[in-house]
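Working notes, beginning with the structure itself.
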Amino acid sequence: MTKKQTRPKTTRYALEPSAAAKFDRELREIFIENSPDALIAVARDHTILFWSAGAEAVYGYTKAEAIGYRLHDLIVPADLIEESKKITREAIKSGLTVHETTRRRKDGSIIHVDITAKALRDHHNELRFIALSQKNVTHLKVLSDGKGLEARYRGLLETVPDAIVMVNNTGRIVLINEQTRTLFGYKKQELLGSPIEILLPARFREGHIGHRKRYFAEPKTRTMGAGLELFAIRKDGTEFPVEISLSPLKTEEGVFAMNAIRDITERTKLEEELRRKNNALEEQNRRALEANRLKSEFLANMSHELRTPLNGIIGFAEIMQDGRVGPVSDEHKEYLGDILTSGRHLLQLINDVLDLAKIEAGKMEFRPQAVNLQLVVEEVREIMSTLAASKRITVRSEIAPELAAIDADPRSVKQILYNYLSNALKFTPEEGQVTIRARAEDADHFRIEVENNGIGITHDNLERLFVEFQQLDPTTGKTYPGTGLGLALTKKLVEAQDGTVGVNSTVGKGSIFYAVLPRAFRASGGVLGEEPSISVAPGTPLILVVEDDASDRVWIAGALRRAGYGVETVATGAEALIRCREQHFDAITLDMILPDMSGRAVLEKLRERGLNQETPVVIVTLLAQKGMVAGFQVVDILAKPVSEGEVVKALERCGVAPNSRRIVLVIDDDLSALKVADRMLRQLGFRPVCRQDAASALKAVSIERPAVVVLDLMMPEMNGFDFLKRFRKTRSGRRTPVIVWTGKDLNERERAELRSSVTSIAKKDHQANQLIHELNTILRARTAPVQ
């Protein structure tokens with residue numbers, strides 16, 4: 001017999017109807033407002049009528065942002081709008097429906113929700129609204145997905161050294177490996193179900209959300225973000241650099257993103273240290289290049305300062321040696337000759353150093369033109385014939401016929417050949433052999449070689465060649481004297497023309513030095529134009545200048561015109577011979593290397609017969625050597641680059657001198673230069689007025705008008721540019737010729753400024769004694785009557 005169960009005795013509280021109704025309302029409000037679920041009421045057209053606090057928490061929209069708007073515009077993804085409408089239709093039809101789907105939060109993230117939809121009607125059975133209860137089940141969904149994924153991939157993930165974080169299409173973490181916990185400091189339960197952005201600093205999260213959305217919106221078959229570097233953040237708030245590789249993973253549960261996260265803190269430190277060291281090296285290299293540039297620019301601009309004192313020594317020594325200041329004993333004359341020889345050697349060394357510096361500073365000018373390489377080689381051979389003969393060395397040449405005409409800078413080609421040949425003759429024993437070769441290197445380049453059967457060079461010493469001021473060893477330096485500048489200058493000259501140099505050598509057998517140059521070198525900047533003719537007085541001596549180099553022709557002809565000579569110029573030997581048959585000249589200046597024949601051949605034809613059979617000839621050539629025109633009557637042999645004073649002095653020695661006298665104002669801050677200028681101008685029949693500064697020079701021209709002004713640009717207080725501006729505003733300075741003679745390397749802006757206000761620009765350049773140096777500065781523009 002079963003014992004009858006009875007209800008436990010309890011006390012039932014009775015409430016007044018009004019109190020019960022009130023209590024019921026309060027409880028409903030409490031439950032609704034404190035429910036974690038999203039409680040939403042919508043009209044038939046899905047307009048939001050009610051939005052609970054839980055809805056604010058789930059979706060991120062406040063009541064003010066939600067009520068009055070359509071549900072589909074706020075939280076329903078575009079591809080699920082029809083599904084949402086179906087849910088409400090089912091609720092209206094059946095009264096209640098339950099559905100699992102996804103919704104979009106205000107921040108754009110996707111969440112999984114369970115939706116309960118109920119249609120509420122009035123007593124007339126008319127639809128009042130649809131009540132929606134939406135529960136966020138993303139975490140449960142993630143855990144469910146994660147369990148399946150973990151069962152399949154756990155073994156694989158734990159073998160990977162990187163942190164692996166797998167994320168679903170809502171951006172929630174569904175799976176991690178042990179390395180993730182170690183790297184970020186979270187427990188597994190803290191990460192599963194959390195958005196992936198929890199692992200990123202706040203400044204990166206918004207951008208990453210957009211990136212993630214685009215990733216899941218695109219085809220899920222390609223790797224994205226491989227090797228992406230950014231910062232991650234640990235649970236304790238510390239940031240560290242990471243490299244992330246993002247790959248898609250398609251499973252039965254859906255498409256997931258697998259993030260492989262690698263801590264690159266140490267790598268970043270090493271990269272930063274390497275970057276810092278590289279920056280330091282780059283800065284050191286920049287400073288070294290800048291220092292080298294400044295050094296080269298300094299040397300290139302030092303010609304005036306370096307040459308002036310040495311030219312003073314040479315100038316005064318030559319004045320004394322010539323007996324112009326009184327009788328000189330033979331012994332004193334010998335010593336003065338030694339001073340001049342040593343001074344000129346030192347001056348040449350300074351010039352070589354300055355040429356190197358000019359090339360390094362980009363200030364060396366090249367003027368390419370048509371060159372007959374055969375003639376150039378033969379001329380250099382002829383110049384060096386005396387030295388070769390003294391050691392009984394045979395010098396041969398082998399020139400390829402196709403190189404009869406090339407476009408090159410003739411001066412630099414001659415200098416290269418001369419340096420190589422003189423070097424070969426120096427190191428070749430007596431009765432040895434030297435061969436000069438020129439052949440095509442390729443379609444655009446030609447090759448010059450100078451081979452000798454001398455002592456050769458060891459392999460260890462090859463790298464020391466072509467370096468400034470270096471000879472191979474002290475004993476060699478004593479046996480074979482020299483400065484070590486020739487090969488270095490050759491290398492600079494060739495490389496400045498886009499060429500290369502090199503050497504092949506065998507100890508005891510000899511060496512081959514070579515240079516490869518372009519067949520058609522095009523230098524920046526144009527060739528100087530011919531100076532306009534300057535009218536001269538009747539009876540003025542007429543000089544023929546035979547020179548193929550345009551710049552040298554301009555220089556020599558202009559200098560002679562300004563000195564008071566009449567001048568004609570020709571560029572070839574044939575033109576010279578034609579003019580010499582038609583016109584008698586008082587003197588001829590002749591270059592030994594011409595495009596159509598050698599200077600020696602011109603001399604042979606000239607001395608055979610005609611109007612100029614006895615005309616004095618001054619040889620002006622790049623590589624001047626005594627004996628180069630043995631057997632022919634010439635006044636002098638001058639080495640290029642030549643100064644005006646040398647040419648004028650050579651002409652005066654043969655009785656061809658300007659026959660006019662005029663006042664010359666010389667402005668130079670160097671006292672020794674003024675002293676030499678004063679003495680030499682007086683001996684040559686001029687009346688010099690010398691001033692050490694521009695201010696006193698302006699005062700002098702206001703008292704007495706000069707025929708010509710010779711101006712140094714580099715002076716204290718008022719420089720040459722400022723003097724010109726003030727001088728041209730004076731009555732006597734409006735038309736007076738001004739010759740600028742300077743050691744300063746002028747830039748294009750300075751040259752352009754001077755062209756408009758001076759008659760000529762000449763450089764204080766190359767081997768000249770003080771007399772000649774000062775005469776170089778006196779570019780006489782016109783004949784003036786005696787004052």
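The values are calculated or read from the model by the stated rules, or taken from the named source; none is laboratory data. These numbers come from a predicted model, not from an experiment. Reconstructed Cβ throughout: ideal geometry from the backbone, glycine too, with neighbour counts over all protein chains shown. Just the protein is used for accessible areas: all its heavy atoms, side chains included, with ligands, DNA and RNA removed. Shrake-Rupley method; radii C 1.70, N 1.55, O 1.52, S 1.80 Å.
When the stretch 717-753 is limited to residues that are in a loop (DSSP other than H, G, I, E, B), modelled with pLDDT under 80 and open to solvent by 30 Å² or more (accessible area, probe 1.4 Å), the one that is nearest to S696 (Cα to Cα) turns out to be R731.
Here T170 passes the criteria (1) more than 28 Å from T101 (Cβ to Cβ); (2) in a loop (DSSP other than H, G, I, E, B) except the one numbered (1). Go through the stretch 509-535 and count every residue that is modelled with pLDDT of 85 or more and of a type outside the set (A, V, I, L, M). Going through the stretch 509-535 one residue at a time, the tally reaches 6.
Any chance the stretch 262-285 includes a residue that's at pLDDT below 80, open to solvent by 90 Å² or more (accessible area, probe 1.4 Å) and either charged (D, E, K, R) or under 43 Å from the mean Cα position of the chain (by Cα) (or both)? Within the stretch 262-285, not a single residue is at pLDDT below 80, open to solvent by 90 Å² or more (accessible area, probe 1.4 Å) and either charged (D, E, K, R) or under 43 Å from the mean Cα position of the chain (by Cα) (or both). Filter the stretch 563-573 for residues that are of a type outside the set (G, A, S), over 42 Å from the mean Cα position of the chain (by Cα) and not in a loop (DSSP other than H, G, I, E, B) and give the result. Of everything in the stretch 563-573, those that are of a type outside the set (G, A, S), over 42 Å from the mean Cα position of the chain (by Cα) and not in a loop (DSSP other than H, G, I, E, B) turn out to be V567, E568. Scanning the stretch 238-279 for residues that are polar (S, T, N, Q) and either touching a residue at least 12 places away in the same chain (Cβ under 8 Å) or over 23 Å from L200 (Cβ atoms) (or both) yields S245, S247, T251, N259, T265, T268, N278, N279.
Selection over the stretch 438-466 of residues that are open to solvent by 50 Å² or more (accessible area, probe 1.4 Å) and either modelled with pLDDT under 75 or of a type outside the set (G, A, S) (or both) gives a count of 13. For the subset of the stretch 65-97 comprising residues that are among the acidic types (D, E) and over 60 Å from the mean Cα position of the chain (by Cα), which member is farthest from F216 (Cα to Cα)? Result: E90.
If only residues of the stretch 694-716 that are within 41 Å of the chain's Cα centre (by Cα) and not in a strand (DSSP E or B) are counted, the one that is surrounded by the fewest Cβ atoms within 10 Å (Cβ to Cβ) is P716. Quick one: is A232 modelled with pLDDT of 80 or more and under 25 Å from P161 (Cβ atoms)? Criteria met by A232.
Screening the candidates A677, A657, A639 for the property of being under 30 Å from I588 (Cβ atoms), in contact with a strand residue (DSSP E or B) (Cβ under 9 Å, 6 or more places away or on another chain) and either open to solvent by 10 Å² or more (accessible area, probe 1.4 Å) or modelled with pLDDT of 75 or more (or both) yields one hit, A639.
Scanning the stretch 624-634 for residues that are modelled with pLDDT of 65 or more and either open to solvent by less than 50 Å² (accessible area, probe 1.4 Å) or of a type in the set (F, W, Y) (or both) gives F632, V634. Assuming V786 fulfils every condition listed in (1) at pLDDT 70 or above; (2) farther than 16 Å from W555 by Cα apart from one, which condition is it? Answer for V786: the failing condition is (1).
Listed by first and then second residue, the pairs linking a residue in the stretch 546-566 that is at negative phi to a residue that is outside any helix (DSSP H, G or I) and of a type in the set (K, R), with Cβ atoms under 6 Å apart and 6 or more places separating them unless they lie on different chains, are S551/R367; R562/R780; A563/R780. Selection within the stretch 98-115: residues that are crowded, with 17+ Cβ neighbours inside 10 Å and not in a loop (DSSP other than H, G, I, E, B). The member of this set that is farthest from the chain's Cα centre (by Cα) is I115.
Look at the stretch 692-713: where a residue is closer than 11 Å to F727 by Cα and a partner is open to solvent by less than 10 Å² (accessible area, probe 1.4 Å) and hydroxyl-bearing (S, T, Y), sitting 6+ places away or on another chain with Cβ atoms under 7 Å, you get V709/T736. Would you check which residues across the stretch 583-599 are within 24 Å of N372 (Cα to Cα) and surrounded by 19 or more Cβ atoms within 10 Å (Cβ to Cβ) and list them? Answer for the stretch 583-599, where residues must be within 24 Å of N372 (Cα to Cα) and surrounded by 19 or more Cβ atoms within 10 Å (Cβ to Cβ): I588, T589, L590, D591, M592, I593, L594, S598, G599. A single member of D352, D330 is closer than 19 Å to T490 by Cα and either modelled with pLDDT of 80 or more or open to solvent by 30 Å² or more (accessible area, probe 1.4 Å) (or both), and it is D352. Under the condition of being free of Cβ contacts under 8 Å to residues at least 12 places away in the same chain and either surrounded by 20 or more Cβ atoms within 10 Å (Cβ to Cβ) or among the hydrophobic types (A, V, I, L, M, F, W, C) (or both), the residues counted in the stretch 30-75 number 3. Contact map, the stretch 88-106: first residue of a type in the set (V, I, T), second residue surrounded by fewer than 18 Cβ atoms within 10 Å (Cβ to Cβ) and not in a strand (DSSP E or B), Cβ cut-off under 6 Å, separation 6 or more or different chains; pairs are T97/E90.
With respect to K729, is the statement that it is of a type in the set (D, E, K, R) and touching a residue at least 60 places away in the same chain (Cβ under 8 Å) true? Judged against the criteria, K729 is not a match.
A single member of Q179, Q189 is in a helix (DSSP H, G or I), closer than 30 Å to V98 by Cα and either at pLDDT 70 or above or among the polar types (S, T, N, Q) (or both), and it is Q189.
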